[in-house]
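J.: The structure follows.
The values are calculated or read from the model by the stated rules, or taken from the named source; none is laboratory data. Bear in mind the structure is a predicted one, so any value in this text is a computation, not a measurement. For neighbour counting, all protein chains shown are included, and Cβ atoms are generated from backbone atoms with ideal geometry for every residue, glycine included. All accessible areas refer to the heavy atoms of the entire protein, side chains included, with ligands and DNA or RNA removed. Shrake-Rupley method; radii C 1.70, N 1.55, O 1.52, S 1.80 Å.
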Amino acid sequence: MDTATRLLRLLTLLQTRPVWAGETLAERLAVTTRTVRRDVTRLRELGYPIEATAGAEGGYRLGAGGDLPPLLLDDDEAVAVVLGLSTAVVAGVDGVGDASTRVLTKLDQVLPPRVRKRVGELSSMTLDARSGPGGVFDVDPAKLLLIAGHCARAEELRFRYVARSGEESRRRTEPYRLVRSGRRWYLVAFDRDRRDWRSFRVDRMDRLVEGGERFVRGPDLPDAAEYVANAVGHAPYPVQARVRLPVDAETARGELSAWFGTCEDDEDGGCVLSAGGSDLSALAASLAWLPWDFEVLEPQAAQDAVAALGRRLVGAAGPAAATDG
């Protein structure tokens, strides 16, 4: 039996009864009592609360959380689980959100304290802007944990940032919150050199410097989720289109995020959505997520892109769909 398997087996045994004698554990694991003591030390170093009691009735027992199955997760694995469950909580799927919340609660009880603290910082420092479809881009979990820790402890964070234009700069920031926006992660922070609030795409941040000086937050803190939604929604996309929707602007704004664009009422009870995209194909694909029928008013190139996407989707559905149409 290798060490990792033996440690997991030891944790499982400790969970099944209140107290285990060292000799009994050694017999069950087919090792010496000295090996049991070493394995207990390893588990304590991982953060598991294993207590030793003396006397005739003494032995080893699992401390707080001992009534739940022990869970062996490293930092990256714990982050992956928490992010997945957190996404399910905000996804709006009937029944899934409540179940995910219950699992998150149980997970918090069985993670080792060190991992639980770091994952807790990530959860408490993360907001959801609910801006656009899809999951998340590949972002290094260690980077998310590092940033969340600096937000939680109010420590200066320095890093290199690559803007959309490709321009590189060094930033000294007072990090505030992480925000998920559709497929991207953003850091909302006060830029010390520019003396203003900024949002930074996490996948464009690198060469992060840990252990910055502590700072005191001022009284005028922004709504981080709204800040990112506005920044994303008002970004200067290279491709623009105007789209008529069959609902008024207030209704549209209630259903859509700033990721889709801005809405203004028109004269016939509907509204006009000004939307943008990185290219025509991306614009057509984003419009396909709209929950209503829509009409592309202009430009002609956007109309053609939407028509081309429609033909592709009909073709993908097979001959029956084409006949029904």
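J.: Among the residues of the range 124-131, is there at least one that is at pLDDT 85 or above and part of a helix (DSSP H, G or I)?
T.: Just the residues of the range 124-131 that are at pLDDT 85 or above, to begin with: none.
Looking through the range 124-131, none of the residues is at pLDDT 85 or above and part of a helix (DSSP H, G or I).
J.: Mind checking whether some residue in the range 145-158 is over 18 Å from Arg118 (Cα atoms) and in a strand (DSSP E or B)?
T.: Our first condition is that a residue be over 18 Å from Arg118 (Cα atoms); within the range 145-158, this holds for 158.
With in a strand (DSSP E or B) added as a condition, the list becomes 158.
Yes, the range 145-158 contains at least one residue that is over 18 Å from Arg118 (Cα atoms) and in a strand (DSSP E or B).
J.: Here's another thing I want to ask about it. Of all the residues that make up the range 262-281, how many are closer than 11 Å to Gln240 by Cα and open to solvent by 40 Å² or more (accessible area, probe 1.4 Å)?
T.: Step one: filter the range 262-281 for residues closer than 11 Å to Gln240 by Cα, giving 273-280.
Add one more test, that the residue is open to solvent by 40 Å² or more (accessible area, probe 1.4 Å), and what stays is 274, 278-280.
Final tally of qualifying residues: 4.
J.: Let me ask something else. Given (1) at pLDDT below 85; (2) open to solvent by 20 Å² or more (accessible area, probe 1.4 Å); (3) within 18 Å of Ser278 (Cβ to Cβ), where does Arg204 come up short, assuming only one miss?
T.: Unmet condition: (1).
J.: I need every pair where a residue in the range 1-27 that is touching a residue at least 40 places away in the same chain (Cβ under 8 Å) has its Cβ under 6 Å from the Cβ of a residue that is open to solvent by less than 50 Å² (accessible area, probe 1.4 Å) and among the hydroxyl-bearing types (Ser, Thr, Tyr), sequence separation at least 6 or different chains.
T.: From residues that are touching a residue at least 40 places away in the same chain (Cβ under 8 Å), the pairs are Trp20/Tyr60.
J.: Residue by residue through the range 244-280, note down the ones that are touching a helix residue (DSSP H, G or I) at 6+ places or on another chain (Cβ under 8 Å) and within 21 Å of Ser181 (Cβ to Cβ).
T.: Ser257, Ala258, Trp259, Phe260, Gly261, Thr262, Cys263, Leu273, Ala275, Gly276, Gly277
J.: In the list Ala301, Ala241, Ala231, Ala249, which residue meets the criterion of being open to solvent by 40 Å² or more (accessible area, probe 1.4 Å) and either modelled with pLDDT of 90 or more or more than 28 Å from the chain's Cα centre (by Cα) (or both)? Talk me through it step by step, then tell me what you get.
T.: Numbers: Ala241 fails: open to solvent by 40 Å² or more (accessible area, probe 1.4 Å); Ala231 fails: either modelled with pLDDT of 90 or more or more than 28 Å from the chain's Cα centre (by Cα) (or both); Ala249 fails: open to solvent by 40 Å² or more (accessible area, probe 1.4 Å).
Matching residue, one of Ala301, Ala241, Ala231, Ala249: Ala301.
J.: Could you check how many residues of the range 165-184 are more than 22 Å from Gly149 (Cα to Cα), open to solvent by less than 90 Å² (accessible area, probe 1.4 Å) and in contact with a strand residue (DSSP E or B) (Cβ under 7 Å, 6 or more places away or on another chain)?
T.: Within the range 165-184, residues that are more than 22 Å from Gly149 (Cα to Cα), open to solvent by less than 90 Å² (accessible area, probe 1.4 Å) and in contact with a strand residue (DSSP E or B) (Cβ under 7 Å, 6 or more places away or on another chain) number 1.
J.: If you don't mind, another one. Please enumerate the residues belonging to the range 12-61 that are farther than 25 Å from Pro113 by Cβ, touching a strand residue (DSSP E or B) at 6+ places or on another chain (Cβ under 8 Å) and part of a loop (DSSP other than H, G, I, E, B).
T.: Ala21 - this is the single residue of the range 12-61 that is farther than 25 Å from Pro113 by Cβ, touching a strand residue (DSSP E or B) at 6+ places or on another chain (Cβ under 8 Å) and part of a loop (DSSP other than H, G, I, E, B).
J.: Go through (1) open to solvent by less than 80 Å² (accessible area, probe 1.4 Å); (2) small (Gly, Ala, Ser); (3) modelled with pLDDT of 75 or more for Gly58 and report which single condition fails.
T.: Evaluating Gly58 over (1) open to solvent by less than 80 Å² (accessible area, probe 1.4 Å); (2) small (Gly, Ala, Ser); (3) modelled with pLDDT of 75 or more leaves (3) as the failure.
J.: So, one more: Evaluate the range 157-174: report whether one residue or more is within 25 Å of Asp220 (Cα to Cα), at pLDDT below 90 and not charged (D, E, K, R).
T.: No, because not a single residue in the range 157-174 is within 25 Å of Asp220 (Cα to Cα), at pLDDT below 90 and not charged (D, E, K, R).
J.: For the range 9-37, which residues satisfy the criterion of being exposed (fewer than 13 other Cβ atoms within 10 Å of the Cβ) and farther than 16 Å from Thr53 by Cα?
T.: Taking the range 9-37 as the starting set, the residues that turn out to be exposed (fewer than 13 other Cβ atoms within 10 Å of the Cβ) are 12, 16-18, 23, 27, 30, 32, 34.
Matches in the range 9-37: Thr12, Thr16, Glu27, Ala30, Thr32, Arg34.
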